[in-house]
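One structure below.
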Amino acid sequence: MTVKRARGDSERLADAVYEQLKADIFDFRRLPGVGLSENEIAARTGVSRTPVREALLRLQREGFVERQPKIGWSVRPLDFERFESLYDLRVILELAALAKLCAGAIGGAIDRLKAVWLAPKKQRASDPVEVARLDEAFHASLVQAAGNPELARVHGDITERIRIIRRLDFTQPERVERTYEEHAAVLRAVLARNPEQAGALLRAHIEQSKLAVREISLHRLHRAHVAARSRNG
């Protein structure tokens with residue numbers, strides 16, 4: 001019983017360190033290419049090195065950090081070619097889901113999306129974190145509504161891997177407004193059972209988002225490096 005409880009405590013601590021490190025990476029508090037010290041993280045989070053190492057190994061598997069012999073851990077540099085490949089794969093999956101959805105039954109998931117994305121302007125969310133969550137749920141719901149669990153699983157994995165830059169799309173008010181308009185247009189095409197129009201709108205929406213987050217990422221990264229240099233003297 002004691003062993004099981006200890007193992008559970010270790011997993012809980014590793015989960016907490018993992019969530020904190022990922023949030024730091026997403027918000028550029030830990031910059032791409034900069035080293036990570038297990039001892040520093042352990043001291044900062046108040047845990048031993050074991051859960052820290054477990055958290056870093058998990059982040060390594062997900063592609064957010066890397067470890068090099070004789071050098072140690074570091075935040076993985078932003079690889080925009082990799083992100084573009086993931087975005088391209090995401091488009092393929094979502095277009096397949098749209099085609100299947102338009103050919104089948106429109107279920108309750110679409111009704112829930114209508115309540116969010118076809119709502120009057122005064123009822124729209126404006127908080128970037130909330131809009132990012134709603135945007136992710138929109139695309140995930142479209143894929144899940146197609147009724148293919150393997151398609152949804154792969155799409156969910158891609159969503160996790162591009163979240164580090166995708167969430168930046170909603171730090172600008174005009175991008176929030178455009179997202180509402182573009183999601184509404186895709187939904188209307190789905191409701192009209194027009195897969196060609198829905199697909200074209202979705203492809204354009206994702207492409208514009210990809211371009212926007214690349215520009216914002218580079219700008220945020222530059223600002224973070226300038227701030228880091230200023231703090232360090």
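The values are calculated or read from the model by the stated rules, or taken from the named source; none is laboratory data. All values reported here derive from a predicted model rather than from experimental measurement. Reconstructed Cβ throughout: ideal geometry from the backbone, glycine too, with neighbour counts over all protein chains shown. Calculation scope for accessible area: heavy atoms of the full protein, side chains included, ligands and nucleic acids excluded. Shrake-Rupley method; radii C 1.70, N 1.55, O 1.52, S 1.80 Å.
Observations
- Looking only at residues of segment 122-143 that are without any contact (Cβ under 8 Å) to a residue 40 or more places away in the chain and not aliphatic (A, V, I, L, M), we find that the one that is least open to solvent (accessible area, probe 1.4 Å) is S141.
- Residue within segment 183-201 that is modelled with pLDDT of 90 or more, under 20 Å from the mean Cα position of the chain (by Cα) and polar (S, T, N, Q) present: no
- The set of residues from segment 49-64 being in a helix (DSSP H, G or I) and out of contact with any strand residue (DSSP E or B) (no Cβ under 8 Å at 6 or more places or on another chain) comprises R49, T50, P51, V52, R53, E54, A55, L57, R58, R61.
- Flag for D111 being more than 30 Å from E54 (Cβ to Cβ) and in contact with a helix residue (DSSP H, G or I) (Cβ under 9 Å, 6 or more places away or on another chain): no
- The lone exception for V186 - which of (1) touching a His at 6+ places or on another chain (Cβ under 9 Å); (2) loosely packed, with under 15 Cβ neighbours inside 10 Å it fails: (2)
- Selection status of R67, outside any helix (DSSP H, G or I) and modelled with pLDDT of 90 or more: yes
- Filtered by the rule that a residue be open to solvent by 60 Å² or more (accessible area, probe 1.4 Å) and touching an Asp or Glu at 6+ places or on another chain (Cβ under 7 Å), segment 22-55 gives R49, R53.
- Boolean, A119 is without any contact (Cβ under 8 Å) to a residue 40 or more places away in the chain, surrounded by fewer than 17 Cβ atoms within 10 Å (Cβ to Cβ), among the aliphatic types (A, V, I, L, M) and not in a helix (DSSP H, G or I): yes
- Within segment 75-116, being surrounded by 16 or more Cβ atoms within 10 Å (Cβ to Cβ) and not in a helix (DSSP H, G or I) holds for V75, R76, L78.
- Matching entry among I162, I216 (being open to solvent by less than 10 Å² (accessible area, probe 1.4 Å) and within 26 Å of S85 (Cβ to Cβ)): I162
- Any hit, segment 36-46, residues being over 22 Å from the mean Cα position of the chain (by Cα), β-branched (V, I, T) and part of a helix (DSSP H, G or I): yes
- Some residue of segment 198-210 being open to solvent by less than 60 Å² (accessible area, probe 1.4 Å), touching a Ser or Thr at 6+ places or on another chain (Cβ under 7 Å) and under 29 Å from G63 (Cα atoms): no
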